[in-house]
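Only the coordinates and a few stated rules stand behind these numbers; no lab work does. None of the values given here were measured: they were computed from a predicted structure. FYI the Cβ positions are ideal-geometry reconstructions off the backbone, even for glycines, and counts take in every protein chain you see.
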Amino acid sequence: MPLRLGQEVQALPRSVRLTPLGALDALTTRAEALRVLTGAMREVADEPAREARLLLAAAGGLKASDLIGAPEAALGAAAARVSEFAARRAAGEPLSRIVGRREFWNLSLAISPDALDPRPETETIVEAVLAKLAERRDEPLAILDLGVGSGALLCALLSEFPAARGLGVDLSQGAARIARDNVEALGLAKRAEIRVGDWGAGLEGPFDLIVSNPPYVRSAEIAELAREVRDRDPRLALDGGEDGLNAYRALLPQVAELLEPSRGWFFLEVGAGQAEAVETIAAAAGLCDIAILPDLAGVARVVAGRLNAAPKRR
């Protein structure tokens, strides 16, 4: 039976008896705290032991090696912060939101309530781009990220294409602010520009690469999302309209106008079950060679393609 908040495990010997979460104090050891936190995280996390380690390290200002090398060290002044973080996580707040950071493509990104918390499945776009453009890694590519959010995709791509320059656009001023903070913190500011705007409106191409993780949740389904998504991610980054496809109808014709006609490619994240509908919208916008790519879970996650540069019949 999973340990619940405030519950002791009476069957354990006194020497290793768990302290209730609310009773963590300065004398609680790191090992004791990990046992308590692991039990509490079973209610909210798929990997409770891992989440407990990450939470304790973040709240206590510790490294993983500290937890291994000195498990009997007392929490000391960090106890109150550990308890606070644990209570917030137990209430459904994602750990990334609590600490204000998210790892994406081995980059540490700041996140804020104004931007979507980047998910691992979005890394599928980066993987797909690297596979398609492997021979162009050192070219001075022009990259456009529509709906840049925290800047996760743009930062990841600029880190992999050292000669590239990137432009990120977002309708949210708050998201644009955090994206600017991230490109600066990662040393990418000289090669990146962040603007507030409505998709590609007013932009001038061509761009060699266009990427986007637009909102694609059906409006009626937002209330059914996991609470850490529904209550923490901005609705602007989630709501794709009645059928979840509004953003694709708006941005794909603009992608066709902005993409470099001979060698340019686009890569868009899509929701489960949406790939074929997005493929149809892309084809109607004059895009071709469309591919549907799965994420690690086998879900069709990315729609990619290029501009149909063939001359139009009169």
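Over the Cα atoms of the range 195-314, the radius of gyration divided by the Kirkwood radius equals 1.00; this is the Rg/Rh ratio. Shape analysis of the range 14-99 based on the Cα gyration tensor places the equivalent ellipsoid semi-axes at 18, 14, 12 Å, largest first. Structure remark: mean-square fluctuation, Gaussian network model of the chain, C-alpha springs under 10 Å; the largest value among Ala115, Ala80, Ala300 belongs to Ala80. Axis angle, to the nearest 10 degrees, between helix 30-41 and the longest C-alpha principal axis of the chain: 60 degrees. Here each label is just a point 7 Å from Cα along the line to Cβ, and for Arg81 and Glu242 those points are 5.0 nm apart. Label-to-label distance for Ala185 and Glu224 is 3.5 nm, based on points extended 7 Å past Cα in the beta-carbon direction.
Between the amide H of Ile210 and those of Leu144, Trp265, Phe266, Phe267, distances stay under 5 Å, these residues lying 5 or more places away or on another chain, with hydrogens modeled in the peptide plane.
Please build a GNM for the chain, connecting alpha carbons under 10 Å apart, and tell me which residue among Gly168, Gly149, Gly298 fluctuates the most. Comparing Gly168, Gly149, Gly298 in the GNM, the peak value goes to Gly298.
Under a Cβ-only charge scheme (Lys and Arg +1, Asp and Glu -1), can you give me the dipole magnitude of the range 158-294 about the Cα centre, in debye to the nearest 20?
Values: 13 positive and 22 negative charges, 89 e Å.
So the dipole magnitude of the range 158-294 works out to roughly 420 debye.
Remark: the Glu135-Thr29 segment gains 32.9 nm on full extension, using 0.36 nm per residue and subtracting the alpha carbon distance.
Loop-located trypsin sites (Lys or Arg not before Pro) across the range 51-107 with a Cβ neighbour count of 15 or fewer within 10 Å are Lys63, with loop assigned by DSSP.
For the chain, give me the percentage of DSSP beta bridges that are antiparallel, rounded to the nearest 5 percent.
Just about 45 percent of them are antiparallel.
In the range 54-147, Cα pairs under 8 Å separated by at least six residues give a relative contact order of 16 percent. Projected onto its three principal axes, the C-alpha set of the range 48-90 covers 27, 23, 14 Å, listed from the longest axis down. Computed over the range 178-314, relative contact order equals 23 percent, with contacts defined as Cα pairs under 8 Å that lie 6+ residues apart. The string of couplings for the range 253-258 from the Karplus curve (6.51, -1.76, 1.60, θ = phi - 60°) is x, 6, 4, 4, 7, 9 Hz, one whole number per residue in order, with x for Gly and Pro. Scalar couplings 3J(HN,Hα) for the range 172-186, obtained by applying the Karplus form with A = 6.51, B = -1.76, C = 1.60 to θ = phi - 60°, are 8, 5, x, 5, 4, 5, 5, 5, 4, 4, 6, 5, 5, 5, 8 Hz; x denotes Gly and Pro.
Mind checking the alpha-carbon convex hull of the chain and giving the volume per residue in Å³?
146 Å³
For the range 129-191, applying the loop criterion from DSSP together with a ceiling of 15 other beta carbons within 10 Å to the trypsin sites (Lys or Arg not before Pro) yields Arg137. Build a GNM of the chain with springs between Cα atoms under 10 Å apart, and of Gly174, Gly273, Gly147 the one that fluctuates most is Gly273.
Restricting the GluC sites (Glu not before Pro) of the range 112-160 to loop positions (DSSP other than H, G, I, E, B) with no more than 14 neighbouring Cβ atoms within 10 Å leaves nothing.
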